[in-house]
Amino acid sequence: MALYSEKVMDHFKNPRNVGVIENADGVGEVGNAKCGDIMRIYLKIDNGIITDVKFETFGCGSAIASSSMATEMIKGKPVSEALKLSNKAVAEALDGLPAYKMHCSVLAEEAIKSAVKDYYDKNGIAYDPCELSCGETCCPHCNG
């Protein structure tokens, strides 16, 4: 059995939505100190819809594939729906990642949430901090 699925290899070799959005409405950058991967996501948002999304990723093939797939999954979607994108959904869409590479899909989820937070902050939009961290509203973990 191959270590990586055909979808992972395709998104690694032919990543979608690579680049920078000048004057992006939201920019999120996250990294994993342990592996050295860094992801930056750029969002263009119009009336609550993500009309464009780009990414820059410094990292392994799984990190690039996860970034590419995640951008494909949120493009054209409402911001509220993008916030619900989980790392598990990204990994499933890629037909799986090896267990030791799942952190790459986590980075993709976190980068999207970071970019949305930046958008909210820039526009004075109130938000539930839990929704941007663990993905749940009013969860006991984030609210103590």
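The values are calculated or read from the model by the stated rules, or taken from the named source; none is laboratory data. Predicted model, so just to flag it, every value in this text is computed and none were measured. Note that we place each Cβ from the backbone using ideal geometry, even for glycine, and neighbour counts take in every protein chain shown.
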Completion exercise
The residue that is nearest to the chain's Cα centre (by Cα), considering only those in region 94-144 that are modelled with pLDDT of 95 or more and β-branched (Val, Ile, Thr), is Ile112
Problem - Tally of residues being in contact with a helix residue (DSSP H, G or I) (Cβ under 7 Å, 6 or more places away or on another chain) and either in a loop (DSSP other than H, G, I, E, B) or of a type in the set (Phe, Trp, Tyr) (or both) across region 13-31 - result: 4
Practice task
For region 1-51, enumerate the residues that are touching a His at 6+ places or on another chain (Cβ under 9 Å), surrounded by fewer than 19 Cβ atoms within 10 Å (Cβ to Cβ) and either of a type in the set (A, V, I, L, M) or closer than 17 Å to Ile64 by Cβ (or both).
Solution key: Asn32, Cys35
Exercise for the section: Considering only residues that are aliphatic (A, V, I, L, M) and touching a residue at least 40 places away in the same chain (Cβ under 8 Å), look in region 78-98 and name the one that is farthest from Leu43 (Cα to Cα). Expected result: Leu97
Practice task
Return the residue satisfying two criteria in turn: it lies in region 47-79 and is at pLDDT below 95 and assigned to a loop (DSSP other than H, G, I, E, B), and of such residues it is farthest from Gly26 (Cα to Cα).
Solution key: Cys60
